[in-house]
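The values are calculated or read from the model by the stated rules, or taken from the named source; none is laboratory data. What you see is a predicted model; the values in this text were computed from it and never measured. Neighbour counts are summed over all protein chains in view; Cβ atoms, including those assigned to glycine, are modelled from backbone coordinates with ideal geometry.
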Amino acid sequence: MTSAVETVREALDAFNRADRTRLKEMVHPSFEVVSPLSDVRGRPYKGAQGARQWGDDVVGSFASIVTSIGDLEEVKPGQVLATGTAKVHGRASGLDYEQPLGLLVDVRDGRIAKVQVFFDHEQAEQTARESAAG
């Protein structure tokens, strides 16, 4: 069986390639994503439909977004902390910028069950520590 870290690495690669077909295969039925986009929308994205909507919202907000993850660590069984950066080109603004990125990803049955997106490494690491302790 593929490790949680390998599953997250593969999902990030598919995300960077905009391979929505592969990402759809990797989404667990109980998928949930909590991100700044879900904060704006007022609720997390859930299930397969939520995964599609999140992808549509990301594409609608950014002309391009590429993640560069430097560190992946399984903080507890099935939960991976990924930290790095996102290189973004804003669709409306046309601006290019680099954003710190932290992801706390739950893997269940070899598929992505939950993604928490942080634009602050310390916040991502703190949430991972609290999750591993609790």
| query | Among the candidates SER64, SER30, which residue alone is over 21 Å from GLU6 (Cβ atoms) and in a strand (DSSP E or B)? | reply | SER64
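For region 83-104, which residues satisfy the criterion of being of a type in the set (A, V, I, L, M, F, W, C) and part of a strand (DSSP E or B)? Let's see the steps before the verdict.
So the first thing to find is which residues in region 83-104 are of a type in the set (A, V, I, L, M, F, W, C), and the list is 86, 88, 92, 95, 101, 103-104.
Passing the criteria: ALA86, VAL88, LEU101, LEU103, LEU104.
Select, from GLU73, GLU10, the only residue that is under 27 Å from GLU130 (Cβ atoms), out of contact with any Leu (no Cβ under 8 Å at 6 or more places or on another chain) and at pLDDT 95 or above. Walk me through how you get there before you give the answer.
On the way: GLU73 fails: out of contact with any Leu (no Cβ under 8 Å at 6 or more places or on another chain).
It is GLU10.
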| message | Tell me the residue from GLY78, GLY50, GLY90 that is on the phi > 0 side of the Ramachandran plot and of a type outside the set (Phe, Trp, Tyr), please. | response | GLY78
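Let me confirm something: among LEU95, LEU72, which residue is without any contact (Cβ under 8 Å) to a residue 12 or more places away in the chain and either on the phi > 0 side of the Ramachandran plot or of a type in the set (A, V, I, L, M) (or both)? Give the steps one after another, and end with the answer.
On the way: LEU72 fails: without any contact (Cβ under 8 Å) to a residue 12 or more places away in the chain.
When all the criteria are applied, what remains is LEU95.
Does any residue of region 26-45 turn out to be of a type in the set (S, T, N, Q), closer than 22 Å to ALA124 by Cα and either surrounded by fewer than 18 Cβ atoms within 10 Å (Cβ to Cβ) or without any contact (Cβ under 8 Å) to a residue 60 or more places away in the chain (or both)?
In the first step, residues of region 26-45 are kept if they are of a type in the set (S, T, N, Q); the result is 30, 35, 38.
Restricting the remaining residues to those that are closer than 22 Å to ALA124 by Cα gives 30, 35, 38.
After this cut, where a residue has to be either surrounded by fewer than 18 Cβ atoms within 10 Å (Cβ to Cβ) or without any contact (Cβ under 8 Å) to a residue 60 or more places away in the chain (or both) as well, the list is 30, 38.
Yes, that holds for at least one residue.
Can you give me the number of residues within region 105-126 that are touching a residue at least 40 places away in the same chain (Cβ under 8 Å) and either assigned to a loop (DSSP other than H, G, I, E, B) or of a type in the set (A, V, I, L, M, F, W, C) (or both)?
So in region 105-126, the residues touching a residue at least 40 places away in the same chain (Cβ under 8 Å) come out as 105, 107-117, 119, 124-125.
Now drop any that are not either assigned to a loop (DSSP other than H, G, I, E, B) or of a type in the set (A, V, I, L, M, F, W, C) (or both), which leaves 105, 107, 109-110, 112-113, 115, 117, 119, 124.
Of the residues in region 105-126, 10 are touching a residue at least 40 places away in the same chain (Cβ under 8 Å) and either assigned to a loop (DSSP other than H, G, I, E, B) or of a type in the set (A, V, I, L, M, F, W, C) (or both).
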| said: Which condition from (1) assigned to a strand (DSSP E or B); (2) polar (S, T, N, Q); (3) loosely packed, with under 15 Cβ neighbours inside 10 Å is the one that GLN49 breaks? | reply: (1)
| task | For VAL80, work out the one condition from (1) surrounded by fewer than 16 Cβ atoms within 10 Å (Cβ to Cβ); (2) in contact with a helix residue (DSSP H, G or I) (Cβ under 8 Å, 6 or more places away or on another chain); (3) part of a strand (DSSP E or B) it doesn't fulfil. | result | (1)
